[in-house]
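Written out below as structure tokens is the structure these notes cover.
Read-outs: derived from the displayed coordinates by stated rules, not from any lab. Remember, predicted model here, so these are calculated numbers, not experimental data. As a convention, Cβ positions derive from the backbone with ideal geometry for all residues, glycine included, and neighbour counts pool all protein chains shown.
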Amino acid sequence: MKIQVIQGDSFWYYSQLFGIPLPLIIASNQQLNPNQLMIGQEVSIPGYQAVAYTIQANDTLWSIAQSNQIPVDLLLRINPNVQPTQLQIGQTITLPQRITTPIITDVNNYTYEKMVTDLQRLIELYPFIQQQSIGNSVLDKEIIELQIGSGSRQKHINGSFHAQEWITTPVIMLFLNDYALALTNHSPIRGLDMLTYFESNTLSLVPMVNPDGVNLVINGAEAAGSQQDFVLSLNNGNTDFSGWKANINGVDLNNQYPALWETEAARKPDSPAPRDFPGYEPLSEPEAIAMADLARARPFEIMNAFHTQGEVIFWGYQGMEPPASETIVQEYSRVSGYEAVQYVDSFAGYKDWFIQEFRRPGYTVELGSGMNPLPISQFDEIYQETLGIMLATLYM
Ligand SMILES: [Zn+2]
């Protein structure tokens, strides 16, 4: 919610008044100078929403504060024009309502539009989350990157490189929501004080690398727009796209990277297909290019690409992985129960290229087990397994 600055206000005062850590208030108002607040300016307070309340008979501000568990000085401060001794029945006042539960509750059929709707709400409630577009998909959807944290250590997690593996997107989104909740409510996650990690890390998230493909899997051919006939022909006329991994051009985005790409191309389909076609050349697809540009622009200490399935974590590439890769993957394995696998006969993936280019730890994490696409009934279990990995990304 927002509050208007009056004489004598400061971020420190808001922090005390709302019970919200000062670094979160600063990060939520980066356009303002904390040392030069001006009267009438609007300041965003994360973790709260403003709710209208209509005065009933026998109400006092004290009783309203009590029954809504709001400090009375906070209630007075956000209703500066209300005379506490002259409340009128039917008069409307503002209640600051602390957010204590996740807003991401519907994780089934998690389309691009569902993600965008959830993000709008998340950023409204938690303006310390930064959102930007890192490029556009073939069908011109913005590929969205989120950043959370004010620290110098940059880490990265992405999901849904592969269309049918879209369950990885709500896993990342719910983590972002839980992280924000933990920060604003001073509640640890698995015993970890998240504010410490907020201040030491900047976590970059691209929850849906392949939005066109995800929407095709979930909504069918009509989601392909002008490409509808094309994707139907690649799918042999089948209207069930649940096995689709590629982008809307029929290119497998996780086979697009110049890291033994030729080796991969020689044994994979040589024309567009629902899966495995690496493209006619490396980095031909806008989604793959956007992710390469992102990694080049930021010094990510750790990169995790979330896929499904198999409960394994691939962590090596041609001996180019640094020693830290093994240390970190052992921790990932410990907290998730997933098996760490150093080498696999598969190349040209984002993880391979990341390790080759930057010699920093990069991982392909295969979430869950069973047949792709994994049923949404596995979501809670997968989230619990993956939560440890996402937390370890912050503390390692
Ligand atoms: Zn995959």
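Hydropathy at least -1.0 by Kyte-Doolittle, axial extent at least 18 angstrom from the Cα trace: which helices of the chain, defined as entire DSSP H runs, fit?
Membrane-span-like by this rule: 112-125, 168-184, 323-336, 379-395.
Indicate the gyration tensor shape class of region 269-396 (rounded, prolate or oblate), computed on the Cα atoms with a ≥ b ≥ c the square roots of the eigenvalues: a/c under 1.5 is rounded; otherwise a/b larger than b/c is prolate and the rest oblate.
Details: a/c = 1.75, a/b = 1.16, b/c = 1.51.
Oblate, because a/c is 1.5 or more while a/b does not exceed b/c.
If I model a spin label at Asp106 and Val344 as a point 7 Å from the Cα along the Cα→Cβ vector, what separation in nanometres do I get?
3.3 nm
Identify all aspartates and glutamates with a Cα-Cα distance to Lys2 below 18 Å; exclude those on the same chain that are fewer than 8 residues away in sequence.
The qualifying aspartates and glutamates are Glu42, Asp73, Glu124.
Just grab the label-to-label distance for Asn68 and Val116, each label 7 Å out from Cα along the Cβ direction, in nm (one decimal).
In this crude spin-label approximation the distance works out to 3.3 nm.
Antiparallel versus total DSSP beta bridges in the chain: what percent is that, nearest 5?
On the way: 22 of 42 bridges.
That works out to approximately 50 percent antiparallel.
Expected output is a single nm value to one decimal: the length gained when fully extending between Ala52 and Asp229, i.e. 0.36 nm times separation in residues minus the C-alpha distance. What is it?
Values: separation 177, 0.36 × 177 = 63.72 nm, distance 5.04 nm.
The span from Ala52 to Asp229 would gain 58.7 nm if fully extended.
In region 322-363, what chymotrypsin sites (Phe, Trp or Tyr not before Pro) fall in a loop by DSSP, with at most 15 other Cβ atoms inside 10 Å?
Working: sites: Tyr332, Tyr338, Tyr343, Phe347, Tyr350, Trp353, Phe354, Phe358, Tyr363; in loops: Tyr338, Tyr343, Phe347.
Taking region 322-363 and a limit of 15 other Cβ atoms within 10 Å, the loop chymotrypsin sites (Phe, Trp or Tyr not before Pro) found are Tyr343.
Which trypsin sites (Lys or Arg not before Pro) does region 256-334 hold that lie in a coil by DSSP with at most 14 other beta carbons within 10 Å? If you can, show how the numbers build up before the last one.
Values: sites: Arg267, Arg275, Arg296, Arg334; in loops: Arg267, Arg275.
In loop regions of region 256-334 (DSSP not H, G, I, E or B), the sparsely surrounded trypsin sites (Lys or Arg not before Pro) are Arg267.
When we measure straight from the Cα of Lys141, which aspartates and glutamates land under 12 angstrom away, once same-chain ones fewer than 8 places off are left out?
Output for Lys141: Glu113, Asp212, Glu287.
How far is the Cα center of region 99-129 from the Cα center of region 202-245, in Å?
What the calculation gives is 22 Å, centre to centre.
Projecting each Cα onto the charge dipole of the chain (Lys/Arg +1, Asp/Glu -1 at the beta carbon, about the Cα centre), which of Phe300, Leu74, Ala180 comes out farthest on the positive side?
The one lying farthest along the dipole's positive direction is Leu74.
When we measure straight from the Cα of Lys268, which lysines land under 18 angstrom away, once same-chain ones fewer than 8 places off are left out?
Filter leaves Lys245.
Could you tell me what percent of the DSSP beta bridges with both partners in region 298-396 are antiparallel, to the nearest 5? Please report the intermediate quantities before stating the final value.
Working: 3 of 12 bridges.
Roughly 25 percent of the DSSP beta bridges within region 298-396 come out antiparallel.
If you count the DSSP beta bridges with both ends in region 129-222, what percent of them are antiparallel, to the nearest 5? Walk me through the intermediate numbers first.
On the way: 9 of 15 bridges.
Counting only bridges with both partners in region 129-222, antiparallel ones make up about 60 percent.
Could you check which residue among Ile167, Ile382, Ile93 shows the biggest mean-square fluctuation in a GNM of the chain with a 10 Å Cα cutoff?
Fluctuation is largest for Ile93.
Label region 199-274 by shape, choosing from rounded, prolate and oblate, from the square roots a ≥ b ≥ c of the eigenvalues of the Cα gyration tensor; if a/c is under 1.5 it is rounded, and otherwise prolate applies when a/b is larger than b/c, oblate when it is not.
Working: a/c = 3.07, a/b = 1.26, b/c = 2.43.
Oblate shape, in that a/c is at least 1.5 and b/c is the bigger or equal ratio.
Binning at 20 Å from 0, report for the chain what percent of all alpha-carbon pair distances ends up in each bin.
The calculated distribution, bin by bin, is 26, 49, 21, 3, 0.
Hey, could you grab the Kirkwood Rh for region 166-220? Inverse mean 1/r over distinct alpha carbon pairs, Å, one decimal. If you can, show how the numbers build up before the last one.
Numbers: mean 1/r = 0.0778 Å⁻¹.
Result for region 166-220, one decimal place: 12.8 Å.
GNM on the chain, C-alpha springs below 10 Å: top fluctuator among Ala305, Ala221, Ala52?
Ala52
Using a Gaussian network model on the chain with a 10 Å cutoff between Cα atoms, which of Leu122, Leu253, Leu192 fluctuates the most?
Comparing Leu122, Leu253, Leu192 in the GNM, the peak value goes to Leu192.
Determine the sum of side-chain charges near Asn235: Lys and Arg each +1, Asp and Glu each -1, restricted to other residues whose C-beta is under 15 angstrom from that of Asn235. List each step's numbers first, then the result.
Working: positive: Lys245, Arg275; negative: Asp212, Glu222, Asp229, Asp240, Asp252, Asp276.
Value of the local net charge: -4.
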